[in-house]
Structures are given as C-alpha cells and as structure tokens.
Amino acid sequence: MVRQSPNTRPDTPSDAHLDVPADIRPDGPSDAHLDAPADGRSDAPADGRSRGFRNLGKARLRSGGTAPARSHRTFRLAVPPVSGILRPRLIAVCAALAVATFLILCWGVAIGDYPISLIGVMKALIGSGDPGTLLVVRELRLPRAVVGLLVGVAFGVSGALFQTMTRNPLASPDMIGITEGAGTAVVAGIVFGWSGGLGTQTFGLIGALATALLVYVLAWKRGTTGYRIVLVGIGVSWICTSATDYLVARGGQFQAQAALGWLVGNLNGRTWDQVVPLTVVMVVLVPAALMLSRLMRTLQLGDDVAAGLGTPVQPVRLALLLTGVGLVAFGTAAAGPIAFVALAAPQIAQRLARTAWPPPIASGLAGGLVVLASDLIARTLISGTELPVGIVTGVLGAPVLLWLLIRANRAGSGG
C-alpha cells in the first residue's frame, strides 16, 4: 500500500470531500464548512486548506454557481408558480429614473408662452384646475411629452435588446441600419405623398422589417453571430442613407423640407394621433422583450454555451430582432430617427445598475429621460427658437460614442 502525504490530493471517495467545496457536496449539509467553529475544531486537515475551501465555496456562491450574491434576493410564488431573483440596486435605479422622468415631463409641460406651475401641471394631469390650464396641458403640450417619453422608452429597450443579442455596446439600431431603413421608407412616403395618418407608421414598420431581414439574410452563414450582424448592418446603413439622400433630392421643395425636418428627429406638432399607435405597440412589445430577457442573457455567454444550456439560439435571436425592430419602427415613424438614444440609454442604465448586461426596463426609462431632457434643452437653449430634439441628442450622444470606442480599443476589442 502506498502511503500518501498530507499534501497529496486524496483520490478515494471517502476523502473527496476535502477538495470539493461544501456547497456542492451531495453527502453533507450545504453549509457544513461555512459554519465551521472559529476555534479550528474540525474534521478537515489543520493545514489551512479548510479556510481556502470555505473561501472557494463563497466565491462560487457570489459568481452565481448555486445561489445568488448577497446583493440579490430570491422569491418564489405558489400562485402563479413564479420564481426569480430580486436585485435591490436595479429596482432602486428604475425607481429613481421613473421619478426623474416624471419630473422632467412635468417641467417640459409647464414651460411655454403660457407658463404653468409644476403643481398646476400635476393637478391638470389628474383632471383638476381651470379650463384654460386643462386645455393647454392636456390638449396642446401633453401629447408632445407623451410621444417623447414613449419614443425614448422604445429606443432604450430596443437598444438593450440589440446590444445584448450581439454582445456589442456599439450595436444599436441606429448603428446597424434599422433606423435608417425605417427612415428611408418614411421619406419615400413623404416624397410620394403617402405620409398622412397611419401611412407613416406603416411605412416605418415596413422599412425597418425589410432592413432587418436584409441584414439577417446577409449575415447568415450556418447561423448568425453578433459580429457579422454589426458589420453587415453598417454597410446596409450606408445604403439606406444614400437612398434617403436620393429621395430628398428627387422630391419637390415642400417634400424635401418636410423630409429633412423629420430626418433630424423632431417632436414639434405631435398630437394624440401619434400617441395611440405607440401605446399599443409598447403594450405588446415591451412585455415580449421582458419575457425574452431571461433567454437573452444566456446569449452573452456565446452561442455554444447558450446552446449547451438549452437555449434555442437562432429562434431567440430572431425573436429579439423582430421585437427590437418593431419598437424602432414605430418610434422612428412617430418622431424621426432621433440619434444616439438607443446607443447611450442602455449604457447609462447598465452602469447605474452595475449589471453585466443592459437591463431592458432601466434602459427604457433612461431613454425616456434622455429624450425628454434633450427636448427641454432644445426648447429653452435659444430664446424664441425650438431646435429639433435630434440635434441635442446628437451633440450629447457623440461623446458617448467616442468614449465607447476608446474603451473598446483599450480593452482590446476595438479591432
């Protein structure tokens, strides 16, 4: 019989527990080593390895191996049978963004040629106040603010879906051609005189879907990857931009002026006619995005790992693509291709929540806050002049893009 030294790793089943963390031992309590007495009395060797095993077990717990980290809380409901993980920081971030977005919305409604106090705006929102204030708030100013909020939420959620699906913080709808495709279709409707009513929404949806399908087909090679989607999308984006420029040059002076004003991204003159389709789309697609978010997270581990975990990679990626395209299409049709919102909002939400992926709800709230704050700046920056909101988001979003490029280059993933 060969005698093993104390430092030799035992290979017999009776000694296997010495080198296996307590949280995965099938023959003992899950906290056997975690709750060991502080005076050192234990059946483990007294060479210091017991503490190492405890630390290893705790490290695996924090990494999500068998239990969530301390900052997470699990819940389980009997009826309906639902279980999950609560993240207090993410909940706090969502609540803070919601409060800030509501205050910015009220502030934007309050300012104008007929100034109204914040208290008066809040009273008008619940139906109280004098008739003049109710008319100004609920019929003239509130539709513009609601459109800005819904468009920002749509762009933020869509950006979170695309960035998670491709595992690339630069892969937003306005970077891979989806927004440009919707814009080209809407400009075509404006030039040919088919932009009234539901026509704009329909053209935006058709253009975004056609562009997404083209990108998906061109990026297909025994499946798709996020890297190929980004590269193909950039090329398709320039094609759509060139087509839009041609349509603007081909149209008459009135059509060209209307198209250029819309292409910048504008909330001027928005009414409840734009609010209704957006609301229906948000009610349908935002819950769909949340349902897909659980499967979406596994895509960050890579296609092979996600498939090994049981995730149908290509169907999930196609469902995410369609959901994001629908949000972008109706948002672009309602307010134009507002630049950089879908790029910046998910990154802001991810860094506030300190998550490994852009959280969809927080990204949507951040997008709404960015659009409403940018619209407020556009209305008050120059006295007597209302700038298009897209100009402000472009000025604010360009530094975010440069920062992401520099960060990717320093991390070695910038190409």
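The values are calculated or read from the model by the stated rules, or taken from the named source; none is laboratory data. Source: prediction; values computed, not measured. Note that each Cβ is placed from the backbone with ideal geometry, even for glycine, and that neighbours are counted across all protein chains shown. In case anyone asks, the SASA skips ligands and DNA or RNA and just uses the protein heavy atoms, side chains included. Shrake-Rupley method; radii C 1.70, N 1.55, O 1.52, S 1.80 Å.
Brief remarks follow.
- Test for T311: is it surrounded by 15 or more Cβ atoms within 10 Å (Cβ to Cβ), touching a Gly at 6+ places or on another chain (Cβ under 9 Å) and hydroxyl-bearing (S, T, Y): no
- Of all residues in region 222-246, those that are more than 22 Å from L299 (Cβ to Cβ) and modelled with pLDDT of 80 or more have Cβ atoms under 8 Å from Cβ atoms of residues that are part of a helix (DSSP H, G or I) and charged (D, E, K, R), 6 or more apart or on another chain, in S237/E180; C240/E180; T241/E180; T244/E180.
- Any chance L142 is in contact (Cβ under 8 Å) with a residue 12 or more places away in the chain and not in a helix (DSSP H, G or I): no
- Only a single criterion out of (1) in a helix (DSSP H, G or I); (2) open to solvent by 20 Å² or more (accessible area, probe 1.4 Å); (3) in contact (Cβ under 8 Å) with a residue 40 or more places away in the chain is not satisfied by L170, namely (1).
- Residue match in region 85-98 (condition: in contact with a strand residue (DSSP E or B) (Cβ under 8 Å, 6 or more places away or on another chain), of a type outside the set (D, E), open to solvent by less than 60 Å² (accessible area, probe 1.4 Å) and assigned to a strand (DSSP E or B)): no
- Any hit, region 327-349, residues being assigned to a helix (DSSP H, G or I) and farther than 25 Å from A378 by Cβ: no
- Evaluation of L322 against (1) open to solvent by 70 Å² or more (accessible area, probe 1.4 Å); (2) over 19 Å from L213 (Cβ atoms); (3) not aromatic (F, W, Y) (one fails), failing number: (2)
Okay, residues lined up against (1) among the charged types (D, E, K, R); (2) over 26 Å from W403 (Cα atoms); (3) modelled with pLDDT of 90 or more:
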residue: V93; (1), (2), (3): no, no, yes
residue: A96; (1), (2), (3): no, no, yes
residue: A100; (1), (2), (3): no, no, yes
residue: C106; (1), (2), (3): no, yes, yes
residue: I119; (1), (2), (3): no, yes, yes
residue: I126; (1), (2), (3): no, yes, no
residue: R144; (1), (2), (3): yes, yes, yes
residue: S158; (1), (2), (3): no, no, yes
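- Residue in region 126-134 that is open to solvent by 90 Å² or more (accessible area, probe 1.4 Å), in contact with a helix residue (DSSP H, G or I) (Cβ under 6 Å, 6 or more places away or on another chain), without any contact (Cβ under 8 Å) to a residue 60 or more places away in the chain and not acidic (D, E) present: no
- Selection from region 106-132 of residues that are assigned to a helix (DSSP H, G or I) and either among the polar types (S, T, N, Q) or within 22 Å of I382 (Cβ to Cβ) (or both): W107, G108, V109, A110
- Hey, R407 at pLDDT below 85, open to solvent by 40 Å² or more (accessible area, probe 1.4 Å) and among the charged types (D, E, K, R) or not: yes
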